[in-house]
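**Student:** One structure coming up, written as structure tokens, with questions to follow.
What follows is calculated from the coordinates using simple rules that are stated; it is not laboratory data. None of the values given here were measured: they were computed from a predicted structure. Please note: Cβ atoms are built from the backbone with ideal geometry, for glycine as well, and neighbour counts cover all protein chains shown.
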Amino acid sequence: MSDAVILGIESSCDETAAAVVKNGREVLSNVIISQIDTHTIYGGVVPEIASRKHIEVIVQVVGEALKQAGTDMQDIDAVAVTYGPGLVGPLLVGVSYAKAFAYGCRKKLIPVHHIEGHISANYIEYPELEPPFMCLVVSGGHTHLVNVKDYGEYEVLGRTMDDAAGEAYDKVARAIGLGYPGGPKIDKAAREGDPEAIAFPRAHIDGEEYDFSFSGLKSAVLNYLNSCEMKGEKVNTRDVAASFQAAVVDVLVGNSMKAADRYGVKHFAIAGGVASNTALRNAMQEACSERGIMFYRPSPILCTDNGAMIAGAAYFESLKGKTAGLNLNAVPNLKL
């Protein structure tokens with residue numbers, strides 16, 4: 001079979017990204033422009049502003065990805081794009097550009113599920129990895145525990161019932177004055193704090209042992225801060241960060257390992273923005289080692305939203321003949 005070179009485009013939230021990937025695993029280029037500085041003053045992503053920023057830079061990002069890969073439009077075999085889930089405005093920018101690119105160059109158009117993209121980042125980091133395996137996808141918008149049965153074949157074992165883990169990080173970081181984005185700032189502060197200083201709750205859902213809930217934990221942190229304020233007590237930000245993070249990591253690892261034990265898993269992976277969190281990576285590595293499970297974790301650049309993971313996922317979808325027409329639309333609440 002000849003090599004397949006795919007251009008991947010990702011714009012589901014606040015990163016405009018494009019990459020060129022060969023055969024689903026070899027990255028020829030991976031270009032990302034982040035909007036973090038733009039949205040920091042608002043304490044989170046503003047969808048309308050994000051959409052406009054994507055429009056401003058998407059041509060530049062795709063052009064740079066092709067240039068760094070040493071390819072031009074005619075060298076590309078297919079164009080892949082995230083069509084959901086995500087913010088509808090940003091998704092539409094990527095989908096519209098991808099459709100125009102594919103039509104203008106007479107290339108196949110491959111629609112990619114955002115979460116499938118995150119899972120596929122592991123194929124890039126670990127070329128030897130093949131299904132079946134279990135994957136925990138944790139990001140600002142998603143917390144999914146997925147049984148990867150085959151390429152493109154997934155069984156969602158558990159998901160968050162309210163806030164995603166990354167969303168809880170952002171809200172707690174804002175409440176304790178660390179600002180946006182919350183994930184890396186809490187991760188850094190927690191290293192200097194006591195994870196046992198404050199007994200924050202670990203939520204477990206009756207009858208849904210693999211599902212997650214972080215809304216109650218977020219409320220517990222806010223109640224603790226309010227209590228300290230009413231009592232005139234000084235808040236140790238580092239201890240709050242460490243104790244909050246310990247509660248999140250305990251639940252993520254606990255539910256994941258419960259499922260891994262039940263299903264007899266030999267390979268376990270993590271993916272998504274929160275997968276770059278050092279406490280989670282270390283705790284998951286330890287839990288997997290105790291069970292003799294091979295543990296996979298993408299490099300931080302592949303944990304964030306990026307085009308390489310979309311192009312990688314598209315390769316395996318293309319082997320099954322999955323393509324889309326010019327009627328492809330953004331689906332902000334797309335299910336896996």
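**Student:** Could you work out the helix-only [θ] at 222 nm for the chain, with each DSSP H run of four or more residues adding -39,500 (n - 2.57) and the total divided by the number of residues, to the nearest 500 deg cm²/dmol? List each step's numbers first, then the result.
**Tutor:** Working: 11 runs with 153 residues, N = 336.
Mean residue ellipticity, 222 nm, calculated: -14500 deg cm²/dmol.
**Student:** Also: So for the chain, averaging the separation of alpha carbon pairs under 8 Å that are six or more residues apart and normalising by length, what relative contact order in percent results?
**Tutor:** Normalised by residue count, the contact order of the chain is 25 percent.
**Student:** Let me ask something additional. Can you say what percent of the DSSP beta bridges in segment 1-142, counting only those with both residues inside, are antiparallel? Round to 5.
**Tutor:** Numbers: 14 of 24 bridges.
So the antiparallel bridges in segment 1-142 amount to around 60 percent.
**Student:** Based on the mean of other Cβ atoms within 10 Å per residue, sort peptides 190-201, 107-118, 319-330 so the most packed one is first.
**Tutor:** Highest mean packing first, the order is 107-118, 190-201, 319-330.
**Student:** Report, ordered by chain and residue number, the lysines lying within cross-link reach of LYS231, taken as a straight Cα distance under 26 Å and ignoring same-chain residues fewer than 8 apart.
**Tutor:** Partners within reach: LYS171, LYS218.
**Student:** Could I ask something else about it? Tally the DSSP beta bridges in the chain and give the antiparallel ones as a percent, rounded to 5.
**Tutor:** About 60 percent, rounded to the nearest 5.
**Student:** Could you check what % of the DSSP bridge pairs in segment 131-298 are antiparallel, to the nearest 5?
**Tutor:** 60
**Student:** I need the Debye-formula profile for segment 131-298: one equal scatterer per C-alpha, no solvent, reported as log10 I(q)/I(0) at q = 0.08, 0.10, 0.16, 0.19 1/Å, two decimals.
**Tutor:** Scattering profile of segment 131-298, log10 relative to I(0): -0.23, -0.36, -0.87, -1.18.
**Student:** Pick out, from GLY325, GLY140, ILE49, the residue whose Cα sits farthest towards the positive end of the charge dipole of the chain, with +1 on the Cβ of Lys and Arg and -1 on the Cβ of Asp and Glu.
**Tutor:** GLY325
**Student:** What is the helix-to-structure angle for 278-291, meaning the angle in degrees between its Cα long axis and the longest Cα principal axis of the chain, kept from 0 to 90 and rounded to the nearest 10?
**Tutor:** Tilt of helix 278-291: around 90 degrees.
**Student:** Right, something else. Taking Cα pairs under 8 Å and at least six residues apart, what relative contact order does segment 1-159 come out at, in percent?
**Tutor:** 21
**Student:** Please give the FRET efficiency for GLU209 paired with TYR42, using the beta carbon to beta carbon distance and R0 = 30 Å, rounded to the nearest 0.05.
**Tutor:** Step by step, r from the Cβ atoms, then E = 0.20.
**Student:** Which residue, chosen from MET161, ALA275, GLY179, occupies the Cα position most advanced towards the positive end of the dipole of segment 131-298, where the dipole is computed from +1 (Lys, Arg) and -1 (Asp, Glu) charges on Cβ about the Cα centre?
**Tutor:** Farthest along the dipole direction, towards plus: GLY179.
**Student:** Tell me, Kirkwood radius of segment 7-121 from alpha-carbon pair distances, in Å?
**Tutor:** After inverting the pairwise mean of 1/r, the radius is 14.1 Å.
**Student:** I would also like to ask the following. Lysines near LYS322 by alpha-carbon distance under 16 Å, same-chain residues fewer than 8 away left out - which ones?
**Tutor:** LYS99, LYS107, LYS108
**Student:** What is the sum of charges, Lys and Arg at +1 and Asp and Glu at -1, for the other residues whose Cβ falls under 9 Å from the Cβ of ARG297? Don't skip to the end; give the middle numbers.
**Tutor:** On the way: positive: ARG281; negative: GLU125.
Here the charged neighbours net out to 0.
**Student:** Here's a follow-up. How about LYS53: which aspartates and glutamates have a C-alpha closer than 18 Å to its C-alpha, ignoring those fewer than 8 places off in the same chain?
**Tutor:** LYS53 reaches GLU10, ASP14, GLU15, ASP37, GLU64, ASP305.
**Student:** Something else now. Under a Cβ-only charge scheme (Lys and Arg +1, Asp and Glu -1), can you give me the dipole magnitude of segment 131-298 about the Cα centre, in debye to the nearest 20?
**Tutor:** In total the dipole reaches around 420 debye.
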